[in-house]
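Novice: Handing you this structure, nothing more for now.
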Amino acid sequence: MSGSHADRVLPDRALPDGALPDRAHPGRARTDLPLRIGVVGTGFMGETHVAAWAAEGIRAVIHDVDAGRAATLAERHGARVASSLDELFGAVDVVDVCTPTHLHAAVAVAAARAGRHVICEKPMARTLADAEAMLAAAREAGVRLFVAQVVRFFPEYVAARAAVLDGAIGEPGVLRLTRASFRPRQPAGHWFFDHAKSGGIILDLMVHDLDYARWIAGDVVAVHCRSASVAQPDAGVDHAVAILTHRSGAISHVSASWGYAPPTFTTAFEIAGSHGLIEQSSTTTMPVMPSLLAGAADGSPTALADTGLAGDPFRLELAEFARAIRDGTEARIGAEDGLEALRIALAADESARTGAVVRITPGAR
Amino acid sequence: MAVDAQGRPPVRIGILSAEHVHAPTYISLLASMPGAHLVGVWDEDRRRAATAAEPVATRVFDDVDDLLERVDGVVIASANARHRRLVEIAAAAGVHVLCEKPLATTVVDARTILDACARAGVHLMTAFPTRWNPAARALESAVRSGALGTPVFLEGANTGTMPDVHAAWFVDPALSGGGAVTDHVVHLADLYRWILRSEVVEVYAVANRILQERFARVETGGLVSMRFANGVSATIDCSWSKPRSYPTWGGLSIQAIGTGGAFGIDAFRQHLGVYGTREAGISWPAWGPDADAGMLAEFLSAVREDREPAVTGTDGLRAVEIVDAAYRSIAAGAPVPLG
């Protein structure tokens, strides 16, 4: 951390957990200097982040190349729009990058060079070179960089990690992680379906569990992956299974699917260890089971995992990043973790294409 | 000796070896099935034969030939590595064979078993009872009817407790042939072949010995990926990942993905939850239909009708070849071709 900018945004004392400046209720007794947040990109994840910031009492400054979209979203949350990236950089302390994946690096590097801290949606970038450029830019500018691997904030995944660290199952040996949903309902030609821009299901969806597998069982040294296309003739990959070998000797089976019927979004995991087993499935842990005759289908174009009343992981995530920036502390995921998750995902994508096992060197630069 | 519902005399069945944990189940079912006459049990360990025979009061044979003279078919439930010798003895006596899975511990033994039965003109069936599991049959129907569209991916898990709780030979590689990969790949591999009507052309596998506190001389964790000739990919988690505290032996599940959507099965989901005293702990007694009964009924019919059973020796051989390829892949650290 260096320079007058950081000095200005860092409060002189730590906030209690979860406490963030509440701009919506300025009358409340909050003495901390508020962080000013800018969100770039107003697609599905941009909307989610703007809403999460608003729930934390922060009205983000919003920028999108589609000014109309930005305006609509800003209006909903009483936020304001920046008409250019430079204008946004001038108005905020932290830039939250929610653009399409292939644009993460350009925005993040520019933000860092403008002296702004960066929060970047997962996957960290489209290529390892881009991710490394982001790390370098943040390091050179002395700003913080976080990658929003939100699964690390989902309560069931957090609880399982705590149980593992507590020794409940001994040494992790075999992991099975599943994330099953439907093909995002986006128009043909949407960046999401362009492998060159999004990296497809492996970089977009599987990366969640690749990161989690690494969080539980440590660095990954070999990756095998098979993929399939369900939505023919659309022909994009929409089902993939990776088998990971961790340096510890543990092995992981990671499945990601867009092959299910809407509105499916289920997640499940099993962590088997040297003397125990952890099981979790979203299908058996939903605490509310509505079956209402009115208003059956929701029109959301993309499924979002539902934690069943256990608290919004996006809020927890962004609040933790904000605290870490303000207090100069670590968050549970660093930028290097985001890069390693991307390295595994890119290896899986390569293995799915070539059929070979891809060996990787964690930490290589 | 009662005739069956169609007025036909029962098929005379003997049990060769009660070494396998499934033997008591087969004995109990055969003793009560209308089309079967359970003649008796032979085991190289007479006490084990007596223990197995006792609940249904069937005869214990000291001499295997003595039993073979009196039966039309046998169920072989020995340790895996002893299948070959017992099949050869039964086939030489002209007796039809239902052999516990895996058919053999090596591809060479499996081929020898097939050859012995072919030479003797006896029918050979491999014990893959999950083909009679109603959930597995529902998935097979969904694929056969086209409801699932063109299948593109099958993901399965057949995980359980380490079976040394039943018999020590399961974790002795000389008798079992291997650990979790040997024990738990074949059921799903067979179901996949049956559902897809296609053969495996490539196998990738990884394994370790972390689970069950590294006791074992064999692998306790394993993940297998395979590609079929029709282009479908499939995976199997075969790990002995259920700890002793688990309320049941394990389970078998498949998630099938096709152009028509997804179809999931959990073959042993039909169970109660019983929470008794602290000593009794938690148990999940099954109440679903018994797939073993369906498999045994098919063997009886095949013997009676002198026809090839619905699950053949070749099916057993193919599963052994997949297991063998998995071990070759583990050694190579890379996918290996098959067939």
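The values are calculated or read from the model by the stated rules, or taken from the named source; none is laboratory data. Here the structure is a predicted model, which is why all the values come from computation and not from measurement. Neighbour counts are summed over all protein chains in view; Cβ atoms, including those assigned to glycine, are modelled from backbone coordinates with ideal geometry.
Novice: Could you please let me know if residue B:222 is within 11 Å of chain A (Cβ to nearest Cβ), in contact (Cβ under 8 Å) with a residue 24 or more places away in the chain, outside any loop (DSSP other than H, G, I, E, B) and surrounded by fewer than 24 Cβ atoms within 10 Å (Cβ to Cβ)? Show your work before the answer.
Specialist: Values: within 11 Å of chain A (Cβ to nearest Cβ): yes; in contact (Cβ under 8 Å) with a residue 24 or more places away in the chain: yes; outside any loop (DSSP other than H, G, I, E, B): yes; surrounded by fewer than 24 Cβ atoms within 10 Å (Cβ to Cβ): no.
The answer is no for residue B:222.
Novice: Going by the structure shown, is residue B:277 under 20 Å from the mean Cα position of the chain (by Cα) and more than 20 Å from residue B:141 (Cβ to Cβ)? Lay out the reasoning, then the answer.
Specialist: Details: under 20 Å from the mean Cα position of the chain (by Cα): no; more than 20 Å from residue B:141 (Cβ to Cβ): yes.
In short, no.
Novice: When segment B:225-252 is examined, which residues are found to be part of a loop (DSSP other than H, G, I, E, B), closer than 18 Å to residue B:322 by Cβ and either touching a Lys or Arg at 6+ places or on another chain (Cβ under 9 Å) or more than 11 Å from chain A (Cβ to nearest Cβ) (or both)? Break it down stepwise before answering.
Specialist: First pass over segment B:225-252, keeping only residues part of a loop (DSSP other than H, G, I, E, B): B:229-232, B:238-241, B:243-249.
From what is left, the residues that are closer than 18 Å to residue B:322 by Cβ are B:229-232, B:238-239.
Passing the criteria: B:229, B:230, B:239.
Novice: Sticking with this one: Is it the case, given these coordinates, that residue A:277 is in contact with a helix residue (DSSP H, G or I) (Cβ under 8 Å, 6 or more places away or on another chain) and of a type in the set (A, V, I, L, M)?
Specialist: Details: in contact with a helix residue (DSSP H, G or I) (Cβ under 8 Å, 6 or more places away or on another chain): no; of a type in the set (A, V, I, L, M): yes.
In short, no.
Novice: Please work out which one of (1) more than 8 Å from chain A (Cβ to nearest Cβ); (2) touching a Gly at 6+ places or on another chain (Cβ under 8 Å); (3) under 24 Å from residue A:273 (Cα atoms) is the condition residue B:299 fails and give its number.
Specialist: Result: residue B:299 passes all but (3).
Novice: What number of residues within segment B:89-108 are out of contact with any strand residue (DSSP E or B) (no Cβ under 9 Å at 6 or more places or on another chain), in contact (Cβ under 8 Å) with a residue 40 or more places away in the chain and closer than 24 Å to residue B:63 by Cα?
Specialist: Going through segment B:89-108 one residue at a time, the tally reaches 1.
Novice: Same structure, new question: Which of the following residues is of a type in the set (Val, Ile, Thr), under 30 Å from residue A:362 (Cβ atoms) and modelled with pLDDT under 95: A:241, A:288, A:237? Show your work before the answer.
Specialist: Numbers: A:241 fails: modelled with pLDDT under 95; A:288 fails: under 30 Å from residue A:362 (Cβ atoms).
Among A:241, A:288, A:237, only A:237 is of a type in the set (Val, Ile, Thr), under 30 Å from residue A:362 (Cβ atoms) and modelled with pLDDT under 95.
Novice: Any residue in segment A:187-214 that is assigned by TED's automatic domain parsing to the domain that holds residue A:173 sitting within a Cβ distance under 6 Å of a residue that is of a type in the set (S, T, N, Q) and surrounded by fewer than 21 Cβ atoms within 10 Å (Cβ to Cβ)? List the pairs, counting only those 6 or more apart or interchain.
Specialist: The qualifying pairs are A:192/A:186.
Novice: Please find, among A:259, A:189, A:170, A:218, the residue that is in contact with a His (Cβ under 7 Å, 6 or more places away or on another chain) and surrounded by fewer than 17 Cβ atoms within 10 Å (Cβ to Cβ). Step through it out loud before you land on a result.
Specialist: Values: A:259 fails: surrounded by fewer than 17 Cβ atoms within 10 Å (Cβ to Cβ); A:189 fails: in contact with a His (Cβ under 7 Å, 6 or more places away or on another chain); A:170 fails: surrounded by fewer than 17 Cβ atoms within 10 Å (Cβ to Cβ).
Within the list A:259, A:189, A:170, A:218, the selection yields A:218.
Novice: For segment A:162-201, how many residues are farther than 17 Å from residue A:270 by Cβ, more than 14 Å from every other protein chain (Cβ to nearest Cβ) and not basic (Lys, Arg)? Explain how you work it out, then say what you get.
Specialist: So in segment A:162-201, the residues farther than 17 Å from residue A:270 by Cβ come out as A:165-167, A:181-201.
With more than 14 Å from every other protein chain (Cβ to nearest Cβ) added as a condition, the list becomes A:165-166, A:184-200.
Now narrow it down to the ones that are not basic (Lys, Arg): A:165-166, A:184, A:186-196, A:198-200.
Matching residues across segment A:162-201 total 17.
Novice: Where in segment A:207-284 are there strands (runs of 3 or more DSSP E), lying wholly inside it, with at least 3 residues that are within 10 Å of chain B (Cβ to nearest Cβ), within 23 Å of residue B:253 (Cβ to Cβ) and out of contact with any Cys (no Cβ under 8 Å at 6 or more places or on another chain)? Full working, then the answer.
Specialist: Details: elements: A:220-228, A:239-246, A:251-257, A:265-273, A:276-281.
Ranges flagged: A:220-228, A:251-257, A:265-273, A:276-281.
Novice: Go through segment B:263-299 and give me each residue that's in contact (Cβ under 8 Å) with a residue 60 or more places away in the chain, of a type outside the set (A, V, I, L, M, F, W, C) and part of a loop (DSSP other than H, G, I, E, B).
Specialist: Once the filter is applied, which keeps residues that are in contact (Cβ under 8 Å) with a residue 60 or more places away in the chain, of a type outside the set (A, V, I, L, M, F, W, C) and part of a loop (DSSP other than H, G, I, E, B), segment B:263-299 yields B:269, B:288, B:289, B:290.
Novice: A further question on this structure: Scan segment B:1-38 residue by residue and report those that are surrounded by 21 or more Cβ atoms within 10 Å (Cβ to Cβ) and among the β-branched types (Val, Ile, Thr).
Specialist: Passing the criteria: B:11, B:13, B:15, B:27.
Novice: Can you confirm whether residue A:264 is surrounded by 15 or more Cβ atoms within 10 Å (Cβ to Cβ), on the phi < 0 side of the Ramachandran plot, touching a residue at least 40 places away in the same chain (Cβ under 8 Å) and out of contact with any His (no Cβ under 8 Å at 6 or more places or on another chain)?
Specialist: Details: surrounded by 15 or more Cβ atoms within 10 Å (Cβ to Cβ): yes; on the phi < 0 side of the Ramachandran plot: yes; touching a residue at least 40 places away in the same chain (Cβ under 8 Å): yes; out of contact with any His (no Cβ under 8 Å at 6 or more places or on another chain): yes.
Here the answer is yes, as residue A:264 does meet what is asked.
Novice: Now for a different question. Is it true that residue B:174 is hydrophobic (A, V, I, L, M, F, W, C), more than 12 Å from chain A (Cβ to nearest Cβ), farther than 16 Å from residue A:175 by Cβ and without any contact (Cβ under 8 Å) to a residue 40 or more places away in the chain? Talk me through it step by step, then tell me what you get.
Specialist: Values: hydrophobic (A, V, I, L, M, F, W, C): yes; more than 12 Å from chain A (Cβ to nearest Cβ): yes; farther than 16 Å from residue A:175 by Cβ: yes; without any contact (Cβ under 8 Å) to a residue 40 or more places away in the chain: no.
The answer is no for residue B:174.
Novice: Filter segment A:42-59 for residues that are in contact with a strand residue (DSSP E or B) (Cβ under 7 Å, 6 or more places away or on another chain) and not in a loop (DSSP other than H, G, I, E, B); which is surrounded by the fewest Cβ atoms within 10 Å (Cβ to Cβ)?
Specialist: Ranking the candidates gives A:45 first.
Novice: Checking the structure you have, find out if any residue of segment A:165-179 is touching a Lys or Arg at 6+ places or on another chain (Cβ under 9 Å), in contact (Cβ under 8 Å) with a residue 12 or more places away in the chain and among the polar types (S, T, N, Q).
Specialist: No; the residues of segment A:165-179 include none that is touching a Lys or Arg at 6+ places or on another chain (Cβ under 9 Å), in contact (Cβ under 8 Å) with a residue 12 or more places away in the chain and among the polar types (S, T, N, Q).
Novice: Anything in segment A:126-179 that is within 17 Å of the chain's Cα centre (by Cα), within 30 Å of residue B:219 (Cβ to Cβ) and not polar (S, T, N, Q)? List them, or say none.
Specialist: Result: A:151, A:156, A:157, A:177, A:179.
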